[in-house]
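Here the structure comes first, spelled out in structure tokens, and everything after it is commentary.
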Amino acid sequence: MPAEAHRDKAAEAAKPDGPAKADKAAKMEAGTTRTSPASPLTERQEARRRRILRASARLAGRGGFDAVQMREVAESSQVALGTLYRYFPSKIHLLVATMQDQLEHMHATLRKEPPTGETAAERVAETLMRAFRFLQREPQLADAMVRALTFADRGVSPEVDQVSRQTTAIILDSMSLEDPTPEQLSAVRVIEHTWHSALITWLSGRASIAQVKVDIETVCRLIDLTAPSSAPKDSG
């Protein structure tokens, strides 16, 4: 275990008030020196961040939302607890960032095998169903990430925005569109909302995969409806 983790354990053992007090102290320390996701990271910091995200995904995959405890994440990723809080001030921050990281991996995989649909709507529907099945492989991880996204308040806005931007990038890539119109971007936002809602209803057992597929295919028709060529022509 790295020296920083040993120091953290020793400091915690010396505190008479126990782990809860240590957690509080770590959070207070982190609040003054948080490593912002927007800040450029050194190679060492990026490697540490990746270890943390992998540990988060691993714990969530095994036991869902409740299994992701900050102390266990710190131990699993071999970083000090205070260091973990500098990167991610709360469990919600961490799990939302984990979702963004999973979407990045998903996006890279999707790029290797682009969708084959004839229309943009068909390609987006195919892409989102593939992404859905990607998350379906680890339902407890998917549930933990979606729950965190649902619980996120304004303090987690930067991380939530990153998830939204990554989802938008996946959709626009499948459309082969680099300069979308405002109407197309509006359609993409509605598609994003539907996709996330479909994940929630499926995870809660209120929708089957077949129902999810129908909903995704239906909402993706907005893409063709908002294409510039489909705009009504001036009769005058």
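The values are calculated or read from the model by the stated rules, or taken from the named source; none is laboratory data. Note that the coordinates shown come from a computational prediction; the quantities given were computed from them, not determined experimentally. We place every Cβ from the backbone using ideal geometry, glycine too, and count neighbours over all the protein chains shown. To get the accessible areas, we keep the full protein, side chains included, count just its heavy atoms, and leave off ligands, DNA and RNA. Shrake-Rupley method; radii C 1.70, N 1.55, O 1.52, S 1.80 Å.
Taking residue 190, is it under 16 Å from residue 100 (Cα atoms) and not in a loop (DSSP other than H, G, I, E, B)? Explain how you work it out, then say what you get.
Values: under 16 Å from residue 100 (Cα atoms): no; not in a loop (DSSP other than H, G, I, E, B): yes.
So residue 190 does not fit the description; no.
Here is a list: 62, 71. Which entry is of a type in the set (Lys, Arg), more than 22 Å from residue 167 (Cβ to Cβ) and more than 20 Å from the chain's Cα centre (by Cα)? Steps first, please.
Details: 62 fails: more than 20 Å from the chain's Cα centre (by Cα).
Checking each option against the conditions leaves just 71.
Kindly check whether there is at least one residue in region 199-206 that is aliphatic (A, V, I, L, M), farther than 22 Å from residue 117 by Cα, open to solvent by 20 Å² or more (accessible area, probe 1.4 Å) and part of a helix (DSSP H, G or I).
Narrowing region 199-206 to residues aliphatic (A, V, I, L, M): 199-200, 203.
Remaining after also requiring farther than 22 Å from residue 117 by Cα: 199-200, 203.
Among the residues that remain, those that are also open to solvent by 20 Å² or more (accessible area, probe 1.4 Å) are: 200, 203.
If we keep only those that are part of a helix (DSSP H, G or I) as well, we get 200, 203.
Yes - at least one qualifying residue is present in region 199-206.
Since residue 231 meets every condition but one in (1) modelled with pLDDT of 95 or more; (2) among the small types (Gly, Ala, Ser); (3) exposed (fewer than 14 other Cβ atoms within 10 Å of the Cβ), which condition does it not meet?
Failed condition: (1).
Only one residue in 84, 95 is in a helix (DSSP H, G or I), in contact with a Ser or Thr (Cβ under 7 Å, 6 or more places away or on another chain), open to solvent by less than 10 Å² (accessible area, probe 1.4 Å) and closer than 25 Å to residue 158 by Cβ. Which one?
On the way: 84 fails: in contact with a Ser or Thr (Cβ under 7 Å, 6 or more places away or on another chain).
The match here is 95.
Applying the selection to region 207-228, what residues are in a helix (DSSP H, G or I) and of a type in the set (Val, Ile, Thr)?
Pass one, region 207-228, residues in a helix (DSSP H, G or I): 209-225, 228.
The answer is 209, 212, 214, 216, 218, 219, 223.
Within the set of pairs 6 or more residues apart or between chains, which connect a residue that is under 23 Å from residue 227 (Cβ atoms) and modelled with pLDDT of 90 or more inside region 112-137 to a residue that is open to solvent by less than 50 Å² (accessible area, probe 1.4 Å) and of a type in the set (D, E, K, R) with Cβ atoms less than 7 Å apart?
Close Cβ pairs satisfying both conditions: 115/123.
Of all the residues that make up region 101-125, how many are in a helix (DSSP H, G or I) and touching a helix residue (DSSP H, G or I) at 6+ places or on another chain (Cβ under 8 Å)?
So the first thing to find is which residues in region 101-125 are in a helix (DSSP H, G or I), and the list is 101-112, 120-125.
The next check asks that each one be touching a helix residue (DSSP H, G or I) at 6+ places or on another chain (Cβ under 8 Å); those that pass are 101-104, 106-107, 109-111, 120-125.
Summing the residues that are in a helix (DSSP H, G or I) and touching a helix residue (DSSP H, G or I) at 6+ places or on another chain (Cβ under 8 Å) in region 101-125 gives 15.
Would you say residue 143 is of a type outside the set (S, T, N, Q), at negative phi and open to solvent by less than 50 Å² (accessible area, probe 1.4 Å)?
Working: of a type outside the set (S, T, N, Q): yes; at negative phi: yes; open to solvent by less than 50 Å² (accessible area, probe 1.4 Å): yes.
When the stated conditions are applied, residue 143 passes them.
Scan region 100-119 and tell me whether some residue there is in contact with a Cys (Cβ under 6 Å, 6 or more places away or on another chain) and either over 21 Å from residue 212 (Cα atoms) or of a type in the set (Val, Ile, Thr) (or both).
no
Keeping to region 103-137, report how many residues are surrounded by fewer than 17 Cβ atoms within 10 Å (Cβ to Cβ), under 22 Å from residue 68 (Cα atoms) and out of contact with any Ser or Thr (no Cβ under 9 Å at 6 or more places or on another chain).
4
Hey, any hits in region 65-81 for a residue that's hydrophobic (A, V, I, L, M, F, W, C), modelled with pLDDT of 95 or more, closer than 26 Å to residue 171 by Cα and open to solvent by 10 Å² or more (accessible area, probe 1.4 Å)?
Keep residues of region 65-81 that are hydrophobic (A, V, I, L, M, F, W, C), which gives 65, 67-68, 70, 73-74, 79-81.
From what's left, modelled with pLDDT of 95 or more: 65, 67-68, 70, 73-74, 79-81.
Keeping just the survivors that are closer than 26 Å to residue 171 by Cα gives none.
Within region 65-81 (the criterion being hydrophobic (A, V, I, L, M, F, W, C), modelled with pLDDT of 95 or more, closer than 26 Å to residue 171 by Cα and open to solvent by 10 Å² or more (accessible area, probe 1.4 Å)), the answer is no, since none of the residues qualifies.
Just a yes or no: is a residue in region 91-102 of a type outside the set (D, E, K, R) and more than 15 Å from the chain's Cα centre (by Cα)?
Let us first name the residues in region 91-102 that are of a type outside the set (D, E, K, R), namely 92-100, 102.
If we keep only those that are more than 15 Å from the chain's Cα centre (by Cα) too, we end up with none.
No: region 91-102 contains no residue that is of a type outside the set (D, E, K, R) and more than 15 Å from the chain's Cα centre (by Cα).
Mind counting the residues in region 156-181 that are without any contact (Cβ under 8 Å) to a residue 60 or more places away in the chain and assigned to a helix (DSSP H, G or I)? Lay out the reasoning, then the answer.
Narrowing region 156-181 to residues without any contact (Cβ under 8 Å) to a residue 60 or more places away in the chain: 157, 161, 164-165, 168, 171-172, 175-181.
Narrowing further to those that are assigned to a helix (DSSP H, G or I): 157, 161, 164-165, 168, 171-172, 175.
Matching residues across region 156-181 total 8.
Could you tell me which of the residues 218, 168 is among the polar types (S, T, N, Q) and at pLDDT 95 or above? Outline the logic, then answer.
Values: 168 fails: at pLDDT 95 or above.
Testing whether each residue is among the polar types (S, T, N, Q) and at pLDDT 95 or above leaves just 218.
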